[in-house]
Amino acid sequence: MSTLESLVRDVAHQAAHAVEADGLSPEKIGTALGISPDKARSRRTGYLYHR
């Protein structure tokens with residue numbers, strides 16, 4: 001894995017934890033990212049647990 005890929009994974013992991021701590025719903029996350037709530041939930045879960 002390149003340094004850039006590692007950095008992106010770390011930032012995504014930190015962002016997922018911040019979203020979780022703030023209690024943002026998948027609906028709000030999805031709206032902000034322009035994706036469905038299901039896809040937002042899946043991404044958040046992936047970034048939280050697959051570091």
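Bear in mind that the values in this text are calculations on the coordinates, not laboratory data. On a predicted model such as this, the values are computed, not experimentally measured, just so you know. Cβ atoms come from the backbone with ideal geometry, glycine included; neighbour counts cover every protein chain shown.
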Using 0.36 nm per residue, how much length does the chain from His13 to Arg41 gain when fully extended, once their Cα-Cα distance is taken away? 8.7 nm
Whether the chain is rounded, prolate or oblate, judged on the alpha carbon gyration tensor where a/c under 1.5 counts as rounded: prolate
When the dipole is taken about the Cα centre of the chain, and only Lys, Arg (+1) and Asp, Glu (-1) are charged at their Cβ, what size is it in debye, to the nearest 20? 100
